[in-house]
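Peer 1: Before I ask anything, here is the structure I am working with.
The values are calculated or read from the model by the stated rules, or taken from the named source; none is laboratory data. Just so it is clear, the model here is predicted, and its values are computed rather than measured. Neighbour counts run over all protein chains shown; Cβ positions are idealised from the backbone, glycine included. Please note that ligands, DNA and RNA were not included when accessible areas were found on the heavy atoms of the full protein model with its side chains. Shrake-Rupley method; radii C 1.70, N 1.55, O 1.52, S 1.80 Å.
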Amino acid sequence: MKNLPQSNYCSVLKTVRDLKSKYGETWNSILPENVARMNLQNRFKTGLDIAKYTASVMRKDMAEYDLDSSNYTQSLGCWHGFVAQQKMIAVKQHHKTTSKRYLYLSGWMVAALRSEFGPLPDQSMHEKTAVPNLIEEIYDFLRQADAIELNDLFRRLANGEDVQDQIDNFESHIVPIIADIDAGFGNEEATYLLAKKMIQAGACAIQIENQVSDAKQCGHQDGKVTVPHEDFIAKLNAVRYAFLELGVDDGIIVARTDSEGAGLTQKLPVSQEPGDLASQYLAFVDAEEVAIEDAREDDVLLKRDGKLVRPKRLANGLYKFKEGSNIDRVVLDCITSLQNGADLLWIETPTPNIKQIALMVNRVREVIPNAKLVYNNSPSFNWTLNFRDQVYEEMLSEGENMTAYDRNNLMHERYDDTELSYRADQKIKSFQKDGAKEAGIFHHLITLPTYHTTALHMNDLTEGYFGDEGMLAYVQGVQRQEIRKKVSCVKHQRMAGSDLGDDHKAFFAGDKALKAGGEKNTSNQFEDKTEVKKVNQKLGVVA
């Protein structure tokens, strides 16, 4: 059995039967079979139940990846519980299992779509409570997906279909969620308090970045400011303490470094002895040699290699890192995080280039051989242009005649049917597989896919519906596609829980229950007549 031990069903049956014996006739209308069925349809009673279960799933996946890189995992970012629900229903429909498929909760999408302030940029300005609220909402919808599918199976079982094996081996829609806590929304105590709320809502994996929390920027924008390692380690500890306090002993911490694109620091840490972490961090700070008599009033000076140097400081008080130090800083960040309690790494990069990612990860693996990466397959990258650029360089080095291509305009659609485009698309297609094998990427995610798909689909529907196509735009582009592709929410009443509610009403009120699923329910128009005929024939029912 995958997720739902039959012993739980039998245990509930026995418990309710014993209770009925204890309380006598006042419990006559409570049927143990109904209670056991409802219990089975709601396996996960709390967010902590979910966090503990999904943490064990994720740990198992990490171990399997260490043995074979083809066992990488994937997720898509979801900004609403319904989006997450439909994603996991589609995963089960098309791929038959939820194994190795996760969910991602993006701080960017919370800011842009879930804040009471309205749409915001990804700068930690949204309410911190919006993050655990979304986690809880997502798992509410996934639990409902379990209940609806199992309820359908129990209905079919009651009608004489042989679906007991499907019930016994039911695979839950509940999967791990990697949740973005940004830079921790304040000091380490604030990080700890928010992490607890996220874990209680169901998060088994928390992603935290090494930016300054009050000046946080999207990883794909300029102006990023990082913190010294000691500050970041304190926040890693805060998240671990939150996991352990709540009994999620194998919770996962994803340590993200933004140092590749960050050129600034807010603080100069205090070094206690040569070569310590603070000293290594300070060595990256850009500075100019200065004689003591030339130092200005209130200057900040450092002693470096026996000489006095003045760190380069901007008008806002931030300090600059040395040009070209970014990769070395990334590597030190990653090693330090893994040596101080992080489980997985996240490296923000400017482009999706496997060779460049592998260069950094392999340096980390020289120190920590099983270092693994969570990688953002970001919509902030122009994937088409990036991979056409990479292939252009390859073809040029192979001696190909490239005069037919305008290097400054490779995105143009006139190149869509060329050898360059074909090779670039093949690289995009295999990017996740190749990245898992060559660059230590355990988990591939797309942060904002449902933000973009919503915009794209609304654009297409709006163009036709308010134009000459009218209602045909919806019927042809949406409803007919839902029917043909068996998209679950084509029966939106069922998806909202109408059938489930009808059965519960029958449990509670018996024959007096007022149900919604009668003959006049227009959802009956979406019944698959072929499947109904097969069932009737099996049951010996004459249509």
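Peer 1: Could you work out the mean projected area of the convex hull around the alpha carbons of the range 150-201, in square nanometres to one decimal?
Peer 2: Seen from a random direction, the Cα hull of the range 150-201 projects 4.9 nm² on average.
Peer 1: Another one. Report ³J(HN,Hα) in whole Hz for each residue of the range 156-173, in order, from the Karplus equation J = 6.51 cos²θ - 1.76 cosθ + 1.60 where θ = phi - 60°; Gly and Pro get x.
Peer 2: Using θ = phi - 60°, the values come out as 5, 4, 5, 8, x, 6, 8, 10, 4, 5, 5, 5, 5, 10, 4, 9, 5, 7 Hz.
Peer 1: List the residues, sorted by chain then number, that are 5 or more residues from Phe321 or on another chain and whose placed amide H is less than 5 Å from its amide H.
Peer 2: Leu264, Thr265, Asp286
Peer 1: Can I ask one more? What would the Debye equation give as log₁₀ I(q)/I(0) for the range 315-355 at q = 0.14, 0.17, 0.27, 0.31 Å⁻¹, counting only Cα atoms as equal point scatterers?
Peer 2: -0.47, -0.65, -1.01, -1.07
Peer 1: Apply the Karplus curve 6.51 cos²θ - 1.76 cosθ + 1.60, θ = phi - 60°, to the phi angles in the range 133-143 and return the couplings in whole Hz, x for Gly and Pro.
Peer 2: Once rounded to whole Hz, the list reads 4, 5, 4, 4, 4, 4, 6, 4, 5, 5, 5.
Peer 1: Suppose the Debye formula is applied to equal point scatterers at every Cα of the range 85-130; what is log10 I(q)/I(0) at q = 0.13, 0.16, 0.31, 0.34 Å⁻¹?
Peer 2: Log10 I(q)/I(0), no solvent term: -0.44, -0.56, -1.02, -1.18.
Peer 1: With the cut-off at 15 Å, report for the range 319-411 the share of all Cα pairs above it, as a whole percent.
Peer 2: 68 percent
Peer 1: Give me a comma-separated list of calculated 3J(HN,Hα) values for the range 87-99, in order, Karplus coefficients 6.51, -1.76, 1.60 applied at θ = phi - 60°, integers in Hz, x for any Gly or Pro.
Peer 2: Per residue, the Karplus-derived 3J(HN,Hα) values read 4, 6, 5, 5, 4, 5, 5, 8, 10, 6, 8, 8, 4 Hz.
Peer 1: Quick check on the range 32-90: what does the Kirkwood estimate of hydrodynamic radius come out to from the alpha carbon pairs, in Å? Kindly include the intermediate steps, with their values, before the conclusion.
Peer 2: Details: mean 1/r = 0.0703 Å⁻¹.
In the range 32-90 this quantity evaluates to 14.2 Å.
Peer 1: Also, quick follow-up: Please compute the alpha carbon radius of gyration of the range 202-330, then divide it by the globular-protein estimate 2.2 N^0.38 Å. Two decimals is fine.
Peer 2: So the range 202-330 has a normalised radius of gyration of 1.23.
Peer 1: Here's another thing I want to ask about it. Could you check the spin-label model distance between Thr46 and Leu244? Points 7 Å from the Cα along Cα→Cβ, value in nm.
Peer 2: Once both label points are built, they end up 2.0 nm from each other.
Peer 1: Also, quick follow-up: Quick query: amide H of Gln207 versus all other amide H atoms, modeled in the peptide plane; which residues come in under 5 Å with a sequence gap of 5 or more or a different chain?
Peer 2: Close amide H contacts, sequence-distant or interchain: Ala179, Asp180, Ile181, Val254.
Peer 1: Given the DSSP H assignment, sum -39500 (n - 2.57) over each helix run of at least 4 residues in the chain and divide by its residue total; what's the result at 222 nm in deg cm²/dmol, nearest 500?
Peer 2: -14500 deg cm²/dmol
Peer 1: What percentage of all Cα-Cα pairs in the chain are separated by more than 37 Å?
Peer 2: The calculated P(r) of the chain puts 43 percent of pairs beyond 37 Å.
Peer 1: Based on Cβ point charges of +1 for Lys and Arg and -1 for Asp and Glu, what charge dipole magnitude is obtained for the range 221-302 about its Cα centre, in debye rounded to the nearest 20? Could you put the intermediate results ahead of the total?
Peer 2: Working: 6 positive and 18 negative charges, 112 e Å.
Result for the range 221-302 is approximately 540 debye, rounded to the nearest 20.
Peer 1: Between Lys433 and Asn28, with labels modelled 7 Å along Cα→Cβ, what's the label distance in nm to one decimal, could you check?
Peer 2: Here the modelled spin labels are 6.5 nm apart.
Peer 1: Once the convex hull of the C-alpha atoms of the range 284-442 is built, how many Å³ does it hold per residue, rounded to a whole number?
Peer 2: Expressed per residue, the convex hull around the Cα atoms of the range 284-442 is 201 Å³.
Peer 1: With every protein chain left in place, what is the accessible area of Trp27 in Å² (1.4 Å probe, nearest 10)?
Peer 2: Roughly 80 Å² of Trp27 is accessible to a 1.4 Å probe.
Peer 1: Then there's this: Express the Stokes-Einstein translational diffusion coefficient of the range 40-191 in µm² s⁻¹, to the nearest whole number, given a Kirkwood radius over alpha-carbon pairs, 37 °C and a viscosity of 0.692 mPa s. The partial results should precede the final answer.
Peer 2: Numbers: Rh = 17.0 Å.
Translational diffusion coefficient: 193 µm²/s.
Peer 1: Along its principal axes, what span do the Cα atoms of the range 108-228 show, with the longest given first and each in whole Å?
Peer 2: 64, 28, 23
Peer 1: Here's another thing I want to ask about it. Please report, as a whole percent, how much of the solvent-accessible surface of the chain comes from carbon and sulfur atoms (probe radius 1.4 Å).
Peer 2: Accessible surface attributable to carbon and sulfur in the chain totals 51 percent.
Peer 1: Next question. Normalised radius of gyration for the range 424-478, please: alpha carbon Rg relative to 2.2 N^0.38 Å, two decimal places.
Peer 2: Values: Rg = 17.8 Å, N = 55, 2.2 N^0.38 = 10.1 Å.
Against the compact-globule rule of thumb, the ratio is 1.76.
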